[in-house]
Amino acid sequence: MNVPTALRLLLIDDNPDDRALVIRQLARELPGLDAREITDDAALTRALAEGGFDLVITDYHLQWTDGLAVLRAVKTRTPHCPVIMFTGTGNEELAVRAMQAGLDDYVLKSPKHYIRLPAAVRLALDRAHQRRAREQAEEGLRLFRALIDRSNDTIEVVDPDTGRFLDVNEKGCLVLGYSRDELLALSVVDVDPMLDQASFTRAVEGLRKSGVLLWEGLHRRKDGSVFPVEVNISHVRLDREYAVAVVRDITERKRAEGNLRREKSFSEEMIESLPGVFYLFDADGRFLRWNQEFERVSGYSADEFARLHPLDFFREDDRALIEQRIGEVFVKGWSSAEAELVAKDGTRTPYHFVGRKVTVEERPCLVGMGYDITERKRAEQALSENEARYRTLTEATFDGILVAENGVIREANDGFAAMHGYTVAEVLGRNAMDFIAEGSREFIAQQIRTEAEGRFEIVGLRKDGRTIQLEAVVKTRPYRGSRTALVALRDVTEQKRLEEQFRHAQKMEAVGRLAGGVAHDFNNVLTAITGYGDLLLDELPQDSPLRQDVDEIRKAATRASSLTRQLLAFSRKQILVPQVLDVNALVADLDKLLRRLLGEDVDLVTKLDPALVAVRADPGQLEQVIVNLAVNARDAMPEGGKLTIESKNAELDEAYAVDHTPVKPGRYVLLAVSDTGTGIPAEIQSRIFEPFFTTKEMGKGTGLGLSTVYGIVKQSEGYIWVYSELGHGTTFKVYLPRVSDPVQQVAQRPTGKPAGGPETVLLVEDEEQVRRLARRVLEAYGYTVLDAMNGEQAVALATQHGGPVHLLMTDVVLPGASGRKVADELLALRPGMKVLYMSGYTEDAIVHRGVLEPETAFLHKPFTPDALARKVREVLDARPQG
């Protein structure tokens, strides 16, 4: 009888005397009885919800319900729990209905039946136990059949007397190309080309003696093709004899064995061709393999190696170190050491040894190589290659693997624990969801509920609270109500970060190219607008009502010119005229201007390092960087605050460069601008340097301030990074390369009206409006002007002109030959001629990375008539080079 040692009883009866009699009668024969008395519907509902009972005894007539309702409620909650109806008012019809509803026994209330109650309890418990056992057995058979059909091997059940198939799993049907019915009509002789009936009979005799046979043979598919197999056949005796064969397709294994033989031969050749000593020994120090080079340098023969221990090759002083490093290999997986190799004749040679733990025939072993480091340079190169090889192997083992049952981690490798910041012992037994970030938990739960398998991207949660990007491959299998999942994980956080940086760099570069192209064309238009506006303003009387209109046109053109300069700055296509600068002096000169821009509500503080090293930059552009950052900070402090400008020398090392792509390690000057403003949200920090991106209201910003800063810094071969937190302010850090040259004085801007002259100027410009404007201005200042729209016309004019040509003024970008090529050709004809280039954006012909080549005269578009006349006079008056 299967009666629990502590029987938990649910007793449902309105009559307290009847309940007492039942408990007393059962307690006499069932000492471990734990009875819970139920007297109303609420108590029954709570008991059924809580569960934990082995048996239910209920009366039929109850004040709040009846026994049939109780029976249905119990069976709905716990189908396997036995129920006995113990009543004094029942009848035969009621008993039949109750039995049909799942009642286990029906006992009448009477003195003689009280005595029968313990036996009825034992019988009901025993029947319930038998039902559960049958169901489990049936479930096991179904599971066994499912496992057989899902096996990766063919499983054949054969009649040992006739050789005919009695059963074949789905894999066998698939591999052989037959249906199950077709195979059951065949015998093993039909599918094994190496068997006939006589040889099969002999094989069966051997099977009956040994119980198990294992051999390699062939199988023939329905289409006639033959493939190699490994057959493991067992003799099984149940109600009759069976031969059960597990047949594995070993086509790939045979191919692999052939490859292995070739690889082994190749490995032997490789080992002997290695430039150093090679060795393989087990944990006891017994040599299993070494190369001839080891024999040669040590002076020991192959027979002697078999009796040597690895420590025999080292001096007494080195043996403790070598023994320690060997131990490290078997504990950590690898190690290295430098020591003198002592040959049989006492010769000592310095060697660098590396070793790694491997498994050979299920034994832990150490495999390694030693390199002669007498010639240090060759040794360092060999060491570098060896470390790179082992680093690759080590990194390949960093993937995480875990096995979870119903969400609880049962197994995990070091890789999984390490990537989450734990040890293996700390993760075992914990819920797998503890290692998943909140945003990915519902997704993972859904995959588990649907038994989904495949490759997913999720966010992991480390012990320190940080998140990591993971790529997961999941396999799940249900088994007896539990769910087992095998998960392989790879940390792709760095890969995702680099991909995002690459996408951002591509976007910025594309926007830069677009901005540069727009600014180039726009500058030619602005040159005409600005120039003709100035000419018109000069010709109008002082009291003309049109002067105000013309002045507004010039102001609009000036604003447009500022926008194009900002676009060119962002796209790094403006032309810089750098000089060696003292950044502290530059900040000091801007002090009054910055205080006017910031207003009284913002406290300006400077912390300038007196030992600051100089930088090479365009002073005007660097001033623009500081002013734009200051204005941006002011707008972030609408209620006032503190702006700090700091300078100091900085060293950016390899570690900083790794975290701040594409910084190059080196020595820099740091210029930091910090505010106590509202801060920048993290989600938009990657976009703040994009042109036209702004968070300000419509009409309160062009979105070009920070993009201008970005372009100037990048074109000056520097870097800029932003650090910000909402509510705690923002810091922009600008790094510019240091230089050791002496500081140059910044040139003063000229004043007064420019002078003219009688010289001849050859003007080359393909934009007609700009060409007419320049000619008109130059002629107004007394110059003789020859104009051409391209290089070919310019060369023809210079050749035909009988007098001198004092100055060539040419656009850099021309149809056909560039301005630089035109200048080179004309200088060959007229060596004393001076050259002035003009352009609206950078062109490699006269600049290198946006920096003007030395001794090159340049006029930036758009320009005013005064600027044109002043620059022409400056170039004509300059001393000849050399």
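Treat every Asp and Glu Cβ in the stretch 726-823 as -1 and every Lys and Arg Cβ as +1, leave all other atoms uncharged, and give the resulting dipole magnitude about the Cα centre to the nearest 20 debye.
460 debye
At full extension, Asn152 and Glu494 could sit 119.3 nm farther apart than now, given 0.36 nm per residue minus the alpha carbon distance.
Taking R0 as 51 Å, what's the FRET efficiency between Leu593 and Arg462 from their Cβ-Cβ distance, rounded to 0.05?
On the way: r = 48 Å, r/R0 = 0.95.
Given R0 = 51 Å and the Cβ-Cβ separation, E is 0.60.
What spacing in nm lies between the two simple spin-label points modelled at Glu304 and Glu362, each 7 Å away from Cα in the Cβ direction? In this crude spin-label approximation the distance works out to 3.6 nm. Across all Cα atoms of the stretch 643-682, the radius of gyration (one decimal) and Dmax (whole number) stand at 13.0, 33 Å.
For the peptides 352-360, 366-374, residues were scored by their other Cβ atoms within 10 Å and the scores averaged per peptide; the highest-first order is 366-374, 352-360.
Shape call for the stretch 262-369 from the C-alpha gyration tensor, a ≥ b ≥ c root eigenvalues: rounded (a/c under 1.5), prolate (a/b greater than b/c) or oblate? Intermediate results must be reported in sequence, preceding the final value.
Values: a/c = 1.60, a/b = 1.10, b/c = 1.46.
Since a/c reaches 1.5 but b/c is at least a/b, the shape of the stretch 262-369 is classed as oblate.
Look at where the Cα atoms of the stretch 193-211 and of the stretch 107-135 average out, and the two centres are 54 Å apart. Straight-line reach from Lys555: taking Cα to Cα under 17 Å and skipping same-chain neighbours fewer than 8 places apart, the lysines in range are Lys861. Counting heavy atoms of the protein chains alone, Asp543 has an accessible area of about 130 Å² for a 1.4 Å probe. Charged side chains reduced to their Cβ positions (Lys and Arg at +1, Asp and Glu at -1) give the stretch 156-300 a dipole of some 100 debye around its Cα centre. For Lys753, the aspartates and glutamates whose Cα falls under 15 Å of its own Cα, not counting residues fewer than eight places away in the same chain, are Asp534, Asp538, Asp866, Glu874.
Tell me, in nm to one decimal, what length is gained between Asp196 and Leu184 on full extension, where the rule is 0.36 nm per residue of separation less the Cα-Cα distance? Could you put the intermediate results ahead of the total?
Working: separation 12, 0.36 × 12 = 4.32 nm, distance 1.80 nm.
So the chain would gain 2.5 nm between Asp196 and Leu184.
Under the simplified labelling scheme, the Lys209-Ala6 pair shows an inter-label distance of 5.9 nm, with each label point 7 Å from Cα along Cα→Cβ. Cross-link partners for Lys733 among the lysines, with Cα-Cα distance under 27 Å and sequence neighbours closer than 8 places in the same chain left out: Lys496, Lys507, Lys573, Lys592, Lys607, Lys642, Lys648, Lys664, Lys696, Lys700, Lys714.
Per-peptide packing, taken as the mean over residues of other Cβ atoms within 10 Å, places 533-542, 306-315, 121-130 in the sequence 121-130, 306-315, 533-542 from highest down. A straight line joining the Cα centroids of the stretch 416-461 and the stretch 790-827 runs 72 Å.
Starting from 0.36 nm per residue, how many nanometres of slack lie between Asn232 and Thr856 once their C-alpha separation is accounted for? Intermediate values should be presented prior to the final figure.
Numbers: separation 624, 0.36 × 624 = 224.64 nm, distance 8.85 nm.
Extra length from Asn232 to Thr856 when fully extended: 215.8 nm.
Peptides 863-869, 328-334, 791-797, 45-51 ranked from most to least packed by the mean count of surrounding Cβ atoms within 10 Å: 863-869, 791-797, 328-334, 45-51. Checking the a/c ratio against 1.5 first, then a/b against b/c, what shape does the Cα gyration tensor give for the stretch 189-276? Taking the square roots of the gyration eigenvalues as a ≥ b ≥ c, the stretch 189-276 is prolate.
Can you classify the stretch 15-68 as rounded, prolate or oblate using the Cα gyration tensor, where a ≥ b ≥ c are the square roots of its eigenvalues, rounded means a/c under 1.5, and otherwise it's prolate if a/b beats b/c and oblate if not? Walk me through the intermediate numbers first.
Numbers: a/c = 2.28, a/b = 1.31, b/c = 1.74.
In terms of gyration-tensor shape, oblate.
The values are calculated or read from the model by the stated rules, or taken from the named source; none is laboratory data. Keep in mind that what you see is a predicted model, and the values were worked out from it rather than measured. Here the Cβ is made from the backbone with ideal geometry for all residues, glycine too, and neighbour counts use every protein chain on show. Side chains included, ligands, DNA and RNA excluded: accessible areas come from the protein's heavy atoms. Shrake-Rupley method; radii C 1.70, N 1.55, O 1.52, S 1.80 Å.
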